[in-house]
Amino acid sequence: MRYQGGKHRLAKELGRIIIERAAGRSTYVEPFVGGASVLAQVAPHFRRVVAADAQEDLILMWRAVQDGWIPPTTMPSVEDYWAMRDDPTPSPLRAFAGFGCSFGGGWFAGYARSNTPREDFAMAAHRGILRKAANFPHAEFRHCDYRLLGDVIGPDAVVYCDPPYAGTRTYKGTPSAGFDHDMFWRVAARWSEAGAVVLVSEYAAPDHWVPIWSKTRHVDFCLDNKGHKAVERLYVHPVHLTAADREAA
């Protein structure tokens, strides 16, 4: 399923690093699960998995799939698509349409029309959702703000955060329009200092956070609305730097 800012193309690389950093920890937490590409790579390696998001429709969809719901294989009509956008009632189907059948995976960012017979957005979303969900049947999905996950984030946890990036267009359909980036980094530091290994995807971070991986990728949702290349980085708090990290630095 397409998802704005999703990590589909980077999931295997990020998953490998996250698993390597686990160091025997048995709990994995994703406070911004989104399209669940990274979750699908990492979840099988942990006994306990907690995935959260502030987007309620998305969480309802992942829970429904766990309970046996099968996403559609065809797109809703244009009329149904816009009706679901305007319907205030969250639902799994609304998530499927709002992300999987939308331009660029943005929340109701425009009805995605296929330019070729091979480009079938709904079928691709259907297959992607089921393929990912098969890897995390034991995951607990929570609809909540990331700050409410303190009960599962401690010394036994590995936490991967993919928050709304500073300087990019906000995620419609969530409270991210008022996302406090400074607050996020303070909370992530607190989790790290409490013993959790916290890994954060972003383009930039406060000075004391250390990048342990980077990759240049094309992005098309920056604030100036012009696509460009940017460097994706994965950051870790210095309390969890390894000897190999220090040697590389």
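The values are calculated or read from the model by the stated rules, or taken from the named source; none is laboratory data. Keep in mind it's a predicted model, so treat the numbers as computed, not measured. In this analysis, Cβ positions are derived from the backbone assuming ideal geometry, glycine residues included, and neighbour counts consider all displayed protein chains.
Gly35 meets each of the listed conditions (1) surrounded by 15 or more Cβ atoms within 10 Å (Cβ to Cβ); (2) among the small types (Gly, Ala, Ser); (3) more than 19 Å from Leu130 (Cβ to Cβ) apart from (3). In summary, Val50 fulfils each of the numbered conditions (1) within 21 Å of Ala196 (Cα to Cα); (2) among the aliphatic types (A, V, I, L, M); (3) assigned to a helix (DSSP H, G or I) with the single exception of condition (3). Condition first: assigned to a strand (DSSP E or B) and in contact with a Pro (Cβ under 8 Å, 6 or more places away or on another chain). Now tell me which residues in the range 134-163 satisfy that. Of everything in the range 134-163, those that are assigned to a strand (DSSP E or B) and in contact with a Pro (Cβ under 8 Å, 6 or more places away or on another chain) turn out to be Val159, Cys161. Residues in the range 130-147 include at least one that is at pLDDT 90 or above and hydroxyl-bearing (Ser, Thr, Tyr). So which of Ala109, Ala134, Ala125 ends up being crowded, with 20+ Cβ neighbours inside 10 Å and either within 19 Å of Asp67 (Cβ to Cβ) or in contact with a Phe, Trp or Tyr (Cβ under 7 Å, 6 or more places away or on another chain) (or both)? One residue alone meets the criteria, Ala125. Scanning the range 19-31 for any residue that is of a type in the set (S, T, N, Q), touching a residue at least 12 places away in the same chain (Cβ under 8 Å), closer than 18 Å to Gly150 by Cα and surrounded by fewer than 21 Cβ atoms within 10 Å (Cβ to Cβ) turns up at least one such residue. Would you check if Ala230 is within 17 Å of Cys161 (Cβ to Cβ) and modelled with pLDDT of 75 or more? Criteria not met by Ala230. When each of Ala166, Ala205 is tested for being at pLDDT 90 or above, hydrophobic (A, V, I, L, M, F, W, C) and either buried (at least 17 other Cβ atoms within 10 Å of the Cβ) or part of a loop (DSSP other than H, G, I, E, B) (or both), the lone residue that passes is Ala205. Within the range 93-107, is there a residue that is under 17 Å from the mean Cα position of the chain (by Cα), free of Cβ contacts under 8 Å to residues at least 60 places away in the same chain and under 20 Å from Phe32 (Cα atoms)? Yes, the range 93-107 has at least one match.
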